[in-house]
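The next block holds one structure in the form of structure tokens; read it before the comments.
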Amino acid sequence: MDGLNASVEKMTSEGVADAAIETFRHYYERLRGGDLGTLAEADIEPIEALPDAEELPEDEAGASEALDRAVVLKLNGGLGTSMGLDGPKSLIEVKQGQSFLDVIVRQVLALRGRYHARLPLLLMNSFSTREATLAALERHPDIAADVPLDFVQNKVPKLGVDDLQPASWPDNPALEWAPPGHGDLYPAMVSSGMLETLLENGYRYAFVSNSDNLGAVLDRRILAWFARDEIPFLMEAADRTDVDRKGGHLAALPDGGLVLRESAQTPEEDMDAFQDVRRHRYFNTNTLWVNLRALADTLERRGGILPLPMIANRKTVDPSDKSSPAVIQVETAMGAAIGVLEGARAVRVPRRRFAAVKSTSDLLAVRSDAYVLTEEAHVELAPERSDAPPIVDLDSRFYKLLPDFEARFLAGPPSLLACDRLTVVGDVLFGRGVVVRGSAVVEHPDDDQLQVADGTVLEG
């Protein structure tokens, strides 16, 4: 059978929504036509400057009016597999005994209470995260609103590299499927009926971010500007540093439009330019503002498909087995809508609005005293620090998996309030009250475990 027909048949039998199937068809045909999903350096230009969020005018009246028509939407489809878990990543303890989800709920309830706004919390769950997440939300009955709490993202078949047939892996059929990237936000909102429901209930603006980025809290000043200027789509971008070299960056097209380029879209010969943080100055925080009416109108004009740039991600069908068959995962990035929605813009935000946790190294930084949890549940860099977070690099052999990580910080995280960088090489157990100042390296090449004694000060 033709690879596309076979894929469509497989998706249909699995109950995948029509909107998701048609979106997959669009990308499959591009892939079959030779589209590699790449964006060459010669086709883009660096961005010299962006409007600064901290220079936006105050507009209390505009903010209050817009807030009652806004929703907070969190991407919550990820499992903690990269940390050795099989449950929702958002249920990991992150700060003062609270999970990501607990903190997010507190953030939304604080905004509701302070400004007397409806402000629903919406989650885009995956089939894998939905049940456990909704069970956890039962502890927070006050978070219910006049629209459903969640909708579920779609899934697409992995494709064989050589024949573009849907992959077969009888040992674990679940591995034959892949999430279509967070660009699936838009077709999933349509296929679930969520977009229509929100518009019918008078909601106009969606503040969108990852559930593992607790720095992404709805900002009333940005919201007021977004609503007043009727911006269809807005990306929050921050200054790139060396630790952001591998993340997607914002660029300009020759016609003046904006575009997001991810590492998987970059030709090998352009990787040096991609990672040059002085050339490409702004990275996508994956915190977005979406005008729901503009999104619906664009989808209607385009036959229900938002043609985001494609990412042809090359993997093996079993990610843990590099000898398993090579596959292509067809993905899109939700931030790529900046190049599709006419009039889309970007705004420069301070680094404190980005506190994403992608690894146990990130988790240690956020759990430490370098970050504080405010009364309104904002997770922010401590006032004593500058706008730069501490850089933590833990040896993946001993700290990558959460149970191993927890076992080496039984007495809690070290103080990183005055830390610039902490690098740990080898198997190291940290005692209680350890303090890290400046840049410190703890290196233990032996097979046994090194113990850093209680109250040790590490510096230099």
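Every number here is computed from the coordinates shown, using simple stated rules; none is lab data. Keep in mind that this is a model prediction, so the values were computed, not measured. Cβ sites come from the backbone with ideal geometry, for glycine too, and all protein chains shown count toward neighbours.
A few comments on the model shown:
- Under the convention that each Lys and Arg Cβ holds +1 and each Asp and Glu Cβ holds -1, the size of the dipole of the chain around its Cα centre is about 620 debye.
- Segment Glu58..Arg139, full-extension length gain: 25.6 nm, with 0.36 nm per residue of separation and the alpha-carbon distance subtracted.
- Length added when fully stretched, Ser82-Asn5, from 0.36 nm per residue minus Cα-Cα: 24.4 nm
- With each label modelled as a point 7 angstrom along the Cα→C-beta vector, the Glu200-Arg25 pair spans 2.6 nm.
- Each label point was placed 7 Å from the Cα along the Cα-to-Cβ direction; for Val372 and Thr456 their separation is 2.9 nm.
- For Arg278 and Arg314, a Förster radius of 22 Å and the Cβ-Cβ distance give a FRET efficiency of 0.15, rounded to the nearest 0.05.
- Mean-position separation - Cα centroids, region 34-81 and region 415-460, in angstrom: 37
- The residues neighbouring Glu60, those whose beta-carbon lies less than 14 Å from its own, together hold a net charge of -1 under the Lys/Arg +1, Asp/Glu -1 convention.
- Positive-pole candidate from Gly433, Pro319, Thr423, dipole of the chain, charges at beta carbon: Gly433
- Taking other Cβ atoms within 10 Å as a rough exposure proxy, Thr298, Thr12 sort from fewest to most as Thr12, Thr298.
- A Förster radius of 30 Å, combined with the Cβ-Cβ distance separating Leu253 from Ala388, puts the computed FRET efficiency at roughly 0.45.
- Inter-site label distance for Leu429 and Glu269 at 7 Å from Cα along Cβ, in nm: 5.4
- Long pairs among Lys95/Lys155; Lys158/Lys246; Lys246/Lys400, criterion Cα-Cα beyond 26 Å: Lys95/Lys155
- Per-pair calculated FRET efficiency, R0 = 41 Å: Lys400 and Arg293 via Cβ, rounded to 0.05: 0.40
- Charge dipole (Cα centre; +1 on Lys/Arg Cβ, -1 on Asp/Glu Cβ; no other charges) of region 265-359 amounts to roughly 640 debye.
- Dipole size of region 360-459 about its Cα centre, with +1 on Lys/Arg Cβ and -1 on Asp/Glu Cβ: approximately 40 debye, rounded to the nearest 20.
- Estimated at 0.36 nm per residue, the fully extended path between Arg32 and Arg437 surpasses their Cα-Cα distance by 140.4 nm.
- Percent antiparallel among DSSP beta bridges (both partners in region 3-353, rounded to 5): 60
- When P(r) over Cα pairs in 20 Å bins from 0, in percent is calculated for this entry, the matching label among (1) 26, 58, 15, 0; (2) 23, 58, 19, 0; (3) 19, 38, 28, 14, 1 is (2).
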